[in-house]
Amino acid sequence: MKDRDLVRGNYTVKGSWLYKFGRSVAWILCHFLYNIVYEGLENVPRDTNYIMLSNHINAWDPILIAIKVRDRAFHFLAKESLFANPFFAKVLRKVHMLKVARDGGSNLSTMRKSLGVLRAGGTIGIFPEGHRVYTGKMENFQSGIAMLVMNTDVPLLPVYIQGDYGFRKTVRVRFGKTLMLKDLRALPKDSVTMGRIDERLLNVVEHLAVGEH
């Protein structure tokens, strides 16, 4: 995604034609493959953008979230290896995926683009563990998540996904109540505060595992 796209409000907020088309096709496919149960949809903001944070158990996770939230396009952070193929990389950018590198310095660009998306009214989707955890048990968050939170004032939407991705098996997507973390966002931007933000968010997502929403 080119930087100039970030200021195109409707493109950033509602999504490209390819994103919308892909979401419609994915809705049909996902509901054929799985029995999807959504909970806590009343918690999804309708009048503002936000940062969505979820656990990650399957490659289908971002798709199951995106097909249900149709009034906004998600700009998901995705691992660098997915962008290795030039054609596939172009498609990913057209559906608003933002590349995350293992090299911390390279991720400064991802941070800037994420902030640009949010300032343009877009919505960011993050799987903060940085990889799939098939057990559903939350692991420590990757670095940079707390920094993004500290540099924005948008709500944070926790999500927990659980279930069996086998054919016609039940997958449950649970949306929790949004958080503002005003107390932590008001603190100095240091490692102690970052650690407290990670801990707070991890605990909130974990509580969704037992149905607290």
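A few remarks follow.
- Only one of Ile36, Ile65, Ile57 that is touching a strand residue (DSSP E or B) at 6+ places or on another chain (Cβ under 7 Å), part of a helix (DSSP H, G or I) and surrounded by 15 or more Cβ atoms within 10 Å (Cβ to Cβ): Ile65
- Hits in region 63-96 - residues which are aliphatic (A, V, I, L, M), within 16 Å of the chain's Cα centre (by Cα) and within 20 Å of Ser24 (Cα to Cα): Ile63, Leu64, Ile65, Ala66, Ile67, Val69, Ala73, Leu92, Val95
For (1) at pLDDT below 95; (2) over 14 Å from Arg23 (Cβ atoms); (3) charged (D, E, K, R), each residue gets a yes or a no:
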site: Met52; (1), (2), (3): no, yes, no
site: Ile67; (1), (2), (3): no, no, no
site: Phe74; (1), (2), (3): no, no, no
site: Ala84; (1), (2), (3): yes, yes, no
site: Val100; (1), (2), (3): yes, yes, no
site: Ser106; (1), (2), (3): yes, yes, no
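- Long-range neighbours under 7 Å by Cβ, at least six apart or interchain, first residue of a type in the set (S, T, N, Q) within region 116-141, second not in a loop (DSSP other than H, G, I, E, B): Thr123/Met52; Thr123/Phe74; Thr123/His75
- When region 116-144 is limited to residues that are touching a Phe, Trp or Tyr at 6+ places or on another chain (Cβ under 9 Å) and outside any loop (DSSP other than H, G, I, E, B), the one that is farthest from Pro45 (Cα to Cα) turns out to be Ile126.
- Among the conditions (1) surrounded by fewer than 17 Cβ atoms within 10 Å (Cβ to Cβ); (2) in contact with a strand residue (DSSP E or B) (Cβ under 7 Å, 6 or more places away or on another chain); (3) of a type in the set (A, V, I, L, M), Leu208 misses just one, which is (1).
- Residue match in region 153-169 (condition: touching a residue at least 40 places away in the same chain (Cβ under 8 Å) and in a helix (DSSP H, G or I)): no
- Residues that are aromatic (Phe, Trp, Tyr), part of a helix (DSSP H, G or I) and surrounded by 14 or more Cβ atoms within 10 Å (Cβ to Cβ) within region 68-115 comprise just one, Phe83.
The values are calculated or read from the model by the stated rules, or taken from the named source; none is laboratory data. Everything quoted here is computed from the prediction, not taken from an experiment. Cβ atoms come from the backbone with ideal geometry, glycine included; neighbour counts cover every protein chain shown.
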